[in-house]
1. May I ask you to verify whether Ile4 is assigned to a helix (DSSP H, G or I), surrounded by fewer than 10 Cβ atoms within 10 Å (Cβ to Cβ) and at pLDDT below 75?
2. Filter segment 11-48 for residues that are among the small types (Gly, Ala, Ser) and in a loop (DSSP other than H, G, I, E, B); which is modelled with the lowest pLDDT?
3. Being modelled with pLDDT of 90 or more, over 30 Å from the mean Cα position of the chain (by Cα) and surrounded by 11 or more Cβ atoms within 10 Å (Cβ to Cβ), is that true of even one residue in segment 58-76?
4. Restricting attention to segment 77-109, which residues are surrounded by 10 or more Cβ atoms within 10 Å (Cβ to Cβ) and among the β-branched types (Val, Ile, Thr)?
Amino acid sequence: MTDIEKISKKSNDGRGGARENAGRKKGSPNKITAEVKQLAQEHGERAINVLVDMMENANSDSTKVLAAREILDRAYGKATQYQEISATVDLSLAESLQRIRELDQQSGK
């Protein structure tokens, strides 16, 4: 057994380190997140009522708009934002591929 194999085996003997299928499954909330979400949901109806009251009774038009936007975001989701991106490329496909290979080799060092 090589030194690298010994180190690798030693560091993965069940104590610490990355292990296959270890830890919380992806997408499952941790205990604190679940508790905070539960507390927030208990106040959800009152919070919406506050926003509705602000939308209807605030003195400032900007406050009314912000409250209305918050209500709509929760009811329908936030509006999709699109961004236009443009670029000028002065390399041929072959030159681009060569440059990518060079960058890949540099990052592997």
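1. Yes; evaluated as a whole, the condition is true for this residue.
2. Across segment 11-48, the extreme among qualifying residues is Gly14.
3. Looking for residues that are modelled with pLDDT of 90 or more, over 30 Å from the mean Cα position of the chain (by Cα) and surrounded by 11 or more Cβ atoms within 10 Å (Cβ to Cβ), one finds at least one in segment 58-76, hence yes.
4. Ile100
The values are calculated or read from the model by the stated rules, or taken from the named source; none is laboratory data. Just so it is clear, the model here is predicted, and its values are computed rather than measured. With ideal geometry, Cβ positions are generated from the backbone for all residues, glycine too; neighbour counts draw on all protein chains shown.
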